[in-house]
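Below is a structure I'd like to ask you about.
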Amino acid sequence: MSGFDLDAYLQERRRLVDVALDRFLPGEDTPPPAVHRAMRYSVLAGGKRLRPILVIAGAEVVGASPSTVMPTACAMEMIHTYSLIHDDLPAMDDDDYRRGRLTNHKVFGDAIAILAGDALLTYAFQLVAQNAALAGVDARVVCDVVAEIAQAAGTRGMVGGQVVDIESEGKTITPEQLEYIHVHKTAALLRASLTVGARLGGADAPALAAVADAGQSLGLAFQIVDDILDVEGSLETLGKTAGSDERKQKVTYPALHGIEASRREARGLIERTKSRLGVFGARSAPLCALADFVVERKS
Ligand code: GRG
């Protein structure tokens with residue numbers, strides 16, 4: 001036991017993120033209201049806020065404060081929420097529930113849901129650019145951050161993983177192909193969250209390498225646990241329909257390796273995450289506790 005109070009840490013940072021998201025998002029009545037309502041509906045529906053908290057923790061592990069990175073933290077949550085809105089559409093996973101409420105297209109219709117996702121992705125990059133106006137943040141670092149986020153969200157990252165995931169439905173795939181999907185669809189954005197936070201916080205090259213490696217194993221562990229929860233969870237605990245991977249004939253870690261081996265793999269990845277963070281000494285406590293939370297979570 002590290003003695004670190006993760007609940008208090010998460011509660012305080014979620015509060016900071018929720019206040020900032022509410023402030024950054026255009027108001028419900030801002031013209032044209034339909035799309036702004038749809039954006040606010042999904043972003044402000046809650047969720048664990050893991051990506052923005054990773055941005056903040058990435059800054060903190062190199063000694064910077066949350067306020068240095070808040071626009072970028074919110075941007076990562078907006079990109080993540082756009083991906084959820086689009087993933088839930090009838091043309092993709094066709095889901096009815098997300099974050100404990102009806103999915104965006106069920107409330108606003110497919111066209112507005114698509115546009116709300118597009119708008120969140122676009123607005124995210126506006127926010128990252130605005131991060132350059134904050135004291136202590138170098139505009140050249142912000143350019144690197146824009147490129148890194150674009151890569152993580154695009155065809156070499158999340159979109160690429162989603163494409164291969166869709167193409168693999170109902171097919172037999174190898175463990176290597178499954179790892180490709182997980183690394184690109186999920187780990188890329190989680191890893192980038194941590195590294196852009198560290199970049200904006202002033203990390204040097206060795207610190208960035210350690211954070212990138214830790215983010216990669218954390219992101220992969222997160223998706224393995226997500227696969228396990230889809231088998232073992234429920235609508236009440238997950239806020240979305242459980243068992244959807246099996247229904248959609250998706251190959252998952254538990255389907256390929258079994259539940260126990262999947263748990264062992266996730267725990268091994270978390271140990272790797274924590275060992276890579278060792279170079280940061282006491283400053284790594286929040287991230288190490290967060291890593292344990294990723295494997296122990298129930299939603
Ligand atoms: C549509 C380009 C595009 C990509 C979609 C995010 C995604 C890719 C699909 C959603 C389905 C899924 C299982 C994705 C893997 C990533 C993941 C586990 C998302 C859920 O993240 P959480 O648990 O959600 O952090 P909350 O609601 O807590 O933020």
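Amide H neighbours of Arg98 under 5 Å, counting only residues 5+ apart in sequence or on other chains, H built in-plane at 1.01 Å?
Distant-sequence amide H within range of Arg98: Thr103.
While we're here: How big is the charge dipole of the chain about its Cα centre, in debye rounded to the nearest 20, if each Lys and Arg gets +1 on its Cβ and each Asp and Glu gets -1 on its Cβ? Intermediate results must be reported in sequence, preceding the final value.
Details: 32 positive and 39 negative charges, 110 e Å.
So the magnitude is around 520 debye.
May I ask you to list, by number, the DSSP H helices of the chain whose Cα span along the axis is at least 27 Å and whose average Kyte-Doolittle hydropathy reaches -0.5 or more? Spell out each step's value before the answer.
Numbers: long enough: 110-130 (30 Å, 1.22); 205-232 (40 Å, 0.88).
Within the chain the helices that satisfy the rule are 110-130, 205-232.
Now, a different point. Name the residue from Val62, Ser42, Pro52 whose Cα lies farthest towards the positive end of the charge dipole of the range 13-143, charges +1 on Cβ of Lys and Arg and -1 on Cβ of Asp and Glu.
Val62
Scan around Ala45 for amide H atoms under 5 Å from its own, H built in the peptide plane at 1.01 Å from N, and keep only partners 5 or more places away or cross-chain.
Residues meeting the amide H criterion: none.
First obtain the Kirkwood hydrodynamic radius of the range 61-158 from its Cα pairs, then insert it into the Stokes-Einstein equation at 20 °C and 1.002 mPa s, and state the resulting D in µm² per second as a whole number. Before the final figure, lay out the partial values.
Values: Rh = 14.6 Å.
Stokes-Einstein gives a translational diffusion coefficient of 146 µm²/s.
Here is a follow-up. If I build a Gaussian network model for the chain, linking alpha-carbon pairs within less than 10 angstrom, which residue out of Ala73, Ala91, Ala147 has the largest mean-square fluctuation?
Top of the fluctuation ranking is Ala91.
Leaving out ligands, DNA and RNA, and with a 1.4 Å probe, what % of the accessible surface on the range 6-296 is carbon or sulfur? List each step's numbers first, then the result.
On the way: 6640 of 12360 Å².
Result for the range 6-296: 54 percent of the exposed heavy-atom area is carbon or sulfur.
Along the positive direction of the dipole of the range 91-157 (beta-carbon charges: Lys, Arg +1; Asp, Glu -1; about the Cα centre), which of Leu120, Ala147, Ala133 reaches farthest?
Going by the Cα projections, it comes out as Ala133.
Follow-up. So how far apart, in nm, are the two label points at Met92 and Ala150 if each is 7 Å from Cα heading toward Cβ?
The two pseudo-label positions are separated by 2.1 nm.
Accessible area per residue for the range 171-256 in Å², computed with a 1.4 Å probe and the full protein assembly in place, what is it? Working shown, then result.
Working: 3370 Å² over 86 residues.
Per-residue accessible area for the range 171-256 comes out at 39 Å².
While we're on this one: When ranked by the protection proxy of mean other Cβ atoms within 10 Å per residue, highest first, what sequence do the peptides 100-113, 170-183 form? Numbers along the way, then the final one.
Values: 100-113: 18.2, 170-183: 15.0.
The most tightly packed comes first, giving 100-113, 170-183.
Under a plain spin-label model, where a point goes 7 Å from the Cα along Cα-to-Cβ, how far apart in nm are Glu260 and Ala205?
Once both label points are built, they end up 4.6 nm from each other.
Pick from Leu277, Leu127, Leu256: which residue has the top mean-square fluctuation in a GNM of the chain where Cα pairs under 10 Å get a spring?
In the Gaussian network model the winner is Leu256.
Sorted from largest down, give the three principal axis spans of the alpha carbons of the range 6-296, whole angstrom values.
49, 49, 34
Given 0.36 nm per residue, what is the gain on full extension from Ala139 to Ser67 after removing their alpha carbon distance, in nm? Before the final figure, lay out the partial values.
Values: separation 72, 0.36 × 72 = 25.92 nm, distance 1.63 nm.
That pair, Ala139 and Ser67, stretches by 24.3 nm at full extension.
In addition: How large is the accessible surface per residue of the range 1-107, computed with a 1.4 Å probe and reported in Å² as a whole number? Display every interim value, and only then the final one.
Details: 4400 Å² over 107 residues.
Heavy-atom accessible area per residue stands at 41 Å².
As an exercise, use a Förster radius of 30 Å and the Cβ-Cβ distance of Thr174 and Glu246 to find the FRET efficiency, rounded to the nearest 0.05. Spell out each step's value before the answer.
Numbers: r = 19 Å, r/R0 = 0.64.
With a Förster radius of 30 Å, E is 0.95.
How many nm is it between the label spots at Leu6 and Val231, if each spot is 7 Å from the Cα in line with the beta carbon?
2.2 nm
The values are calculated or read from the model by the stated rules, or taken from the named source; none is laboratory data. Everything quoted here is computed from the prediction, not taken from an experiment. For neighbour counting, all protein chains shown are included, and Cβ atoms are generated from backbone atoms with ideal geometry for every residue, glycine included. Areas reflect the complete protein model, heavy atoms only, side chains present, ligands, DNA and RNA absent. Shrake-Rupley method; radii C 1.70, N 1.55, O 1.52, S 1.80 Å.
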